[in-house]
1. Name the residue, out of Lys82, Lys256, Lys58, whose mean-square fluctuation peaks in a Gaussian network model built on the chain with Cα pairs under 10 Å.
2. Could you run the Karplus curve 6.51 cos²θ - 1.76 cosθ + 1.60 with θ = phi - 60° over the range 60-68 and give me ³J(HN,Hα) per residue in whole Hz, x for Gly and Pro?
3. Quote the charge dipole size of the chain about the Cα centre in Debye, to the nearest 20; the model charges only the Cβ of Lys and Arg (+1) and of Asp and Glu (-1).
4. Quick one: which residues, 5 or more positions from Lys203 or on another chain, have an amide H under 5 Å from its amide H? H modelled 1.01 Å from N in the peptide plane, none for Pro or chain starts.
5. Give, rounded to the nearest 20 debye, the magnitude of the charge dipole that the range 36-186 has about its Cα centre when Lys and Arg contribute +1 at Cβ and Asp and Glu contribute -1 at Cβ.
6. For Ala297 and Arg109, calculate 0.36 nm times their separation in residues minus their Cα-Cα distance, and state this gained length in nm to one decimal.
7. So how do 69-76, 126-133 stack up, highest first, on mean other-Cβ count within 10 Å?
8. Go through Thr246, Thr293 and list them by solvent-accessible area, largest first, probe radius 1.4 Å.
Amino acid sequence: MSTEAPGPASRREARGASLGSTPVAPNPTPRAGRNLPMAIGVGVLLGALVLASLVVRKEAFVALVTAASVVAAIELLNGLSKAKIHPPTIPTLAAAAVLPVLAYVWGPRVLAPAIIVAILAIVIWGALYADGPSALRDVAGGVMVVLYVPALVGFAMMLLRPDDGVGRIITFVVVTIASDIGGYAVGAATGKHPMAPSVSPKKSWEGFAGSAVSCIVAGALCVTLILDGDWWVGALLGALVVVAATVGDLCESMIKRDLGIKDMSNLIPGHGGLMDRLDSLLLAVPVVWAVLTPWVAS
């Protein structure tokens with residue numbers, strides 16, 4: 001047995017043997033957990049599509065968002081099926097297609113009773129066609145989908161209804177996206193204290209602070225420059241949106257964790273499913289509507 005100490009080359013060979021012979025490719029976004037260039041590129045394209053629909057006609061945006069409501073509902077139904085939850089498909093998807101249009105055409109006076117009718121339709125459908133002990137769970141899943149997607153999408157349609165509705169939608173989207181961008185940038189660079197490690201390990205309190213600053217600044221600027229409102233209304237809007245957007249992100253992460261899936265689908269390259277992009281927006285939009293409706297004149 002040799003008693004000579006291994007030289008530098010021997011130590012490198014030993015380390016290589018312990019790690020395996022296959023080289024490990026560097027991760028371009030080790031802290032973010034996604035392909036950043038692809039995510040940015042696809043995000044820009046989606047933003048351009050939304051802006052183009054707003055510029056063309058309000059009805060084009062309504063059609064685009066209604067289609068998104070149906071796709072997001074389908075993703076949720078597919079996700080629930082992995083946990084053996086099978087909500088009534090026909091009334092659930094009908095609600096996803098109809099509620100946003102009703103909200104745009106007639107506003108809150110029709111949206112509220114329409115949501116109740118949609119829930120009753122799901123309950124009745126489940127009572128007539130659902131099987132045995134899973135009936136209650138299936139009906140509850142359908143009600144959850146309706147309340148989570150088309151009912152909240154309806155608030156975006158009500159934001160669009162006033163004369164300055166396009167500016168209100170742009171404000172809503174910019175402020176909510178500012179939360180994602182600020183949280184991502186600060187969290188990826190300095191995030192050390194997890195906010196909810198059992199639900200979303202990559203979300204940190206440092207990232208939340210970055211989201212808060214970005215949202216407040218974006219809200220003050222958008223409300224002042226786009227809607228001709230008071231800066232403090234925009235700052236308040238940003239402060240409330242950052243909470244709603246963060247809760248929305250954590251809620252969807254919790255749903256996916258319970259269902260045992262990473263993404264709702266692979267529809268959008270670099271992002272996952274449509275629901276993975278709408279999670280923050282869905283919870284933020286009723287907050288934006290509630291702040292702008294009484295405090296910013298149309």
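The values are calculated or read from the model by the stated rules, or taken from the named source; none is laboratory data. Owing to the predicted nature of the structure, the values given are computational and were not obtained by experimental measurement. All Cβ positions, even for glycine, are placed from backbone atoms using ideal geometry, and neighbour counts span all protein chains on display. For accessibility, only protein heavy atoms count, side chains too; no ligands or nucleic acids. Shrake-Rupley method; radii C 1.70, N 1.55, O 1.52, S 1.80 Å.
1. Result for the chain, Cα springs under 10 Å: Lys82 fluctuates most.
2. Using θ = phi - 60°, the values come out as 5, 5, 4, 5, 5, 6, 5, 4, 5 Hz.
3. On the way: 20 positive and 18 negative charges, 107 e Å.
Here the size comes out at about 520 debye.
4. Met195, Ala196
5. On the way: 8 positive and 7 negative charges, 19 e Å.
The calculated dipole for the range 36-186 is roughly 100 debye.
6. Numbers: separation 188, 0.36 × 188 = 67.68 nm, distance 1.99 nm.
65.7 nm is the gain from fully extending Ala297 to Arg109.
7. Values: 69-76: 24.1, 126-133: 12.2.
Result, highest mean first: 69-76, 126-133.
8. Details: Thr246 15, Thr293 75 Å².
Ranked from most to least accessible, the order is Thr293, Thr246.
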